[in-house]
Structures are given as structure tokens and as C-alpha cells.
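One structure is given here, and the rest of the page talks about it.
Values in this text are rule-based calculations from the coordinates and carry no lab data. These figures come from a predicted structure and were not determined experimentally. Every residue, glycine as well, gets a Cβ built from its backbone with ideal geometry; the counts of neighbours run over all protein chains shown.
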Amino acid sequence: MADHGVRPGGSGRTDGIPMIPALRWEEPPEGPVVVLLDQTRLPAEESELTCTDAAALVGAIRSLAVRGAPLLGIAGAYGVALAAARGFDVEQAAGALAGARPTAANLEAGVRRAKAAYDAALAAGGGPDGAAKAALEAARALHREDARASERMAELGLTLLDELRPGGGHRILTHCNTGELVSGGEGTAFAVALAAHRVGRLRRLWVDETRPLLQGARLTAWEAARQRMAYTLLADNAAGSLFAAGEVDAVVVGADRIAADGSVANKVGTYPLAVLARYHHVPFVVVAPWTTVDVHTPDGASVEVEQRAGREVTEVAGVVVAPLGTQAYNPAFDVTPPELVTAIVTERGVLSPVTAEGIAALQGGA
Ligand code: MRU
């Protein structure tokens, strides 16, 4: 596979560090494609996957070559555009894309948006070409809007951290991977830490390794190193002693789905951090674009948590570590109840305390 490395680009970044090309649409003479940076191979290899149809994109979503809630939404939307542009069955492609992973609300929302644009253009007599163009424009708009949301969340998130801890630098503990690799912009939780870093107020980014698939060790540490941030990697089970030592000023994480009551589904291992944070009187902050909020999911119990293959637990980086035949429990996400969440930062504003009424008010203010 060709190694294309990272490309310069992105939105107004002045530090000379190239943006990570997590996903892009290209139109070579053979027909349109969606090109992904294969996240399963990072950080060892920066290689790309070229998807020529929605089925390939579904495979990439399932294997986590492309991942993270906001980027899943963007991928889903481009997947619909790809099916339309290549003359595949758009209805079938949209269904397969939306169902590729169940927990991130953004995926279904992204697919729905592009499909709605496609259907509307068809209904208006635009024909298959016009409808394909409309789907692509919807995907591009979502991509741009996510970048803008990311910028706004970074501003609001840093202001919030400064209010919670006036005058001091921030020692932020984060979980999973929430930077450029998951976003049209600089990400969610990671973008807040990056904003703090840029103004000299990040004392340390504590990076949970994030077992079983090591998104923290492989991806967040890679992104933090590229940005020359002060970061330290820890095994997930070291978090408790880190809190006990008074080394954490705030937990800042992303989300895959936020329910109408403010329950937060995020990478498995997030809920124990929220419990630890409450015990140690440390703020627990969730950063997510509004596309992650699903008011049709009433509460945490209603969130469908993806269950993944047991071998992701019985193996570490492809090496079998458990006795043959060992059964494994492998939920990809857990749910944190709203009462453990200090604040939810979205591009629409900061919600604190986190209540169903607050979510409804932000939803209404769309
Ligand atoms: O299984 P993954 O790697 O897709 O899980 C990603 C996460 O849990 C992120 O924390 C979440 O999507 C928020 S990122 C903006």
C-alpha cells in the first residue's frame, strides 16, 4: 500500500504542523473515491485506503480504519455520495452505512443528511446526476460544519477549564482518541487540550492507553507528539492512583452518543473515569458536536452499545495472550449518567449542569 504521509492543508493553522488527512473525496478519471488514512496501521505506518464503493467504506468503518463519532458521520455522508455518483443502489448503501456500527449517533445522522439531499434533488427532477451532486454537497457541508464546530468547542472548552481552575495550568486526563483523526477539524476533547497547549496553559495531557484497541496509545499519543504537547501515556488501570496523587485537574473526553437526558456513551473506560472524578472532586467534561446528541434516545439504558469480537481482548496488538478458548467481554462503549458529568461542551454552548431540560433548550435553539 502506498505511503502518502500527511498533507499540508487545513483551516488557518499557523504553526506549520500539517493537518492530518483523515478522509477526503477525490475524483480521478476512473471515478470518484473516498480516501482514508488507515487508522488501524497508525502510528507505525501512514498508509491510505481507497474506497471505490460504499461496501468498502462499510468494511473500513467496521475495522476502525475510519473511526470516532464525528468522522463516522462525515464518512457516512460521503458514502451515500459515493454510491450515488457511481450509480449503485443508494437506498441499500445508506442502510448498510448507517448500520455499520450502532453507537455513534453521528453515523446515522450523516447518512440521513446526505440521503435526504439526494432524495430531495431526485424529487425536484434533478435526475441521478443532480441527486448525486446534492448528496456530495451535503457531505461537504457536514465536513465544513464539523470543522467549524470543532473550533468553537475548543474555544468554549478552554474558557470553561479556565473558569473551573482560574489562573493555573491544566493537567487534563483524556480517554480514547478525539483529535484530527476523528474530525473535519481539530477534534473534540483533544481540540480543547490543544487550545490550552497553544496558549501555554496545558501542564500535562494524561493519555489513557484505551484497551483493548489502544486508540490512546496509538493515536492520541501520536497526535500529541505531532503537536509537541506535554503528554504522558498511562495504562487505563493507573488512572485511580493518578487521581489519588492529585495529578488530575480535569477529565476531558468526547462522546459517541448523548441521550435526551444527558447520558453520555463514549469509549469503554469512560464511566470509571467519571466515577473516579466524582470521588476526587475533579471536573468531568464532555466535548461533542451537536451531531452526537440524539434526542430520540431517551436515556442511557436506551443506547445500543456495540459488542465487538472477543479476540480484541484475548489478543494484544495481534498477539494471543489468553489461553485458547477464553471467553471475553468486549463492549466498545459505556454509558456515563448525567449526574456524573460536570459539563457538556458543544458548538451551541456549554451545558452545566447536565439536564434533560438543558439538552431540550439547546436542541430548540438550533
Ligand atoms: O471505537 P472508536 O475508536 O470509534 O471510539 C471512539 C470514541 O469513543 C471517541 O471517544 C468518540 O468517538 C468521541 S471522538 C470525538
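Structure above, values below:
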{"read-out": "Relative contact order of region 262-366, defined on C-alpha pairs under 8 angstrom at six or more residues apart (%)", "value": "40 percent"}
{"read-out": "Dipole in debye (nearest 20) - region 23-145, about Cα centre, beta carbon charges: Lys, Arg +1; Asp, Glu -1", "value": "380 debye"}
{"read-out": "Span-rule helices in the chain, defined as complete DSSP H runs reaching 18 Å or more along the axis (Cα) with Kyte mean at least 0.5", "value": "69-85"}
{"read-out": "Value in Å of the Kirkwood radius, where the chain supplies the Cα pairs that are averaged", "value": "20.6 Å"}
{"read-out": "Reduced Cα scattering model of region 23-145, Debye log10 I(q)/I(0), q = 0.14 Å⁻¹", "value": "-0.51"}
{"read-out": "Normalised contact order of region 217-289, rounded percent, pairs of Cα under 8 Å and 6 or more residues apart", "value": "31 percent"}
{"read-out": "Most fluctuating residue given options Ala65, Ala96, Ala44, as computed from a GNM of the chain linking Cα atoms under 10 Å", "value": "Ala44"}
{"read-out": "Point-to-point label distance, Asp162-Val321, nm (Cα→Cβ direction, 7 Å offset)", "value": "4.1 nm"}
{"read-out": "Options Gly125, Thr14, Gln215, ranked by Cα towards positive dipole end of the chain, top entry (Cβ charges)", "value": "Thr14"}
{"read-out": "For the chain: relative contact order, % (alpha-carbon pairs under 8 angstrom, 6 or more apart)", "value": "14 percent"}
{"read-out": "Candidates Gln39, Gln92, Gln327, ranked by Gaussian network fluctuation over the chain, Cα under 10 Å, top entry", "value": "Gln327"}
{"read-out": "Percent breakdown of C-alpha pair distances by 5 Å bin, ordered from the shortest bin, for region 147-364", "value": "1, 8, 16, 19, 21, 17, 10, 5, 2, 1, 0"}
{"read-out": "Student exercise, the chain dipole from Lys, Arg, Asp, Glu Cβ charges, in Debye to nearest 20", "value": "600 debye"}
{"read-out": "Percent of Cα pairs exceeding the 20 Å cut-off, where the set is region 157-243", "value": "30 percent"}
{"read-out": "Sorted by Cβ density within 10 Å, fewest first, the residues Thr342, Thr292", "value": "Thr342, Thr292"}
{"read-out": "Value of [θ]222 nm, deg cm²/dmol, for the chain, DSSP H segments ≥ 4, -39500 (n - 2.57) each, nearest 500", "value": "-12000 deg cm²/dmol"}
{"read-out": "Ascending count of other beta-carbon atoms within 10 Å, so fewest first, for His280, His296, His175", "value": "His296, His280, His175"}
